[in-house]
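What follows is one structure encoded as structure tokens, with my remarks underneath.
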Amino acid sequence: MKKLLAAALTAFAALTAQASIVVTFTPASQHAQVGETIGIDMSISGLGAQIVSGFDLNFLYDPSILNYTNADGSGAYEQLGNAIGTAPVFFFDSTDNGNIGVVATALVDGADLAASQLDDFLMFHFDLLATADGVTSFTLGQDPDFERNFVGLDFLTLSDVTIVGACVAVGSGACSATNLPEPATLPLALLALTGLGLGVARRRR
């Protein structure tokens, strides 16, 4: 058991060490009643020497449970150059319920953007109406080119971005470790495994 715990913790440490740039949806888990409006934020952190100079993103969720109300991308808009006087190309190419698409490109030189852009910042805020009982994830699509493409310096795609999605439960629905989007389930699984190991250790003593 000790070897298994050590291996699991080593794997988790390796994952977090490699994933220097993290996109996080918050709150990670929330519950609403039918008819209530919920809010979800998307932030990016750990940019370090990198920048976000553009993106092609699609935010996916179950449209039978949540209805799109509003999306505010002013955080991303400001950090892609508007804060220093050059507005980026920025538009929503889809506001279909269940699939919100947005594309942006900075029109500022990479060095200038690097000098002004924060390492960690809020990119988007979403408002959605809870319409039916159930559980849905709210996260980015899986296509690396057209659904979760973050562009950095020299117009190159950032390859080391980890996406931590959110879970929304409505009415009788309930978020759990089994329906939290990856990789948000990994820390929970490791905590459960660690708890099991500690319990075994106590029984042995």
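A few remarks follow.
- Ordered from longest to shortest, the equivalent ellipsoid semi-axes for the range 22-181 are 30, 15, 13 Å, each the square root of 5 times a Cα gyration tensor eigenvalue.
- Remark: relative contact order (the range 22-181) = 37 percent; criterion is Cα-Cα distance under 8 angstrom and separation of 6 or more residues.
Throughout, read-outs are computed from the coordinates displayed, never taken from laboratory work. These numbers were taken from a predicted model, which means no experiment stands behind them.
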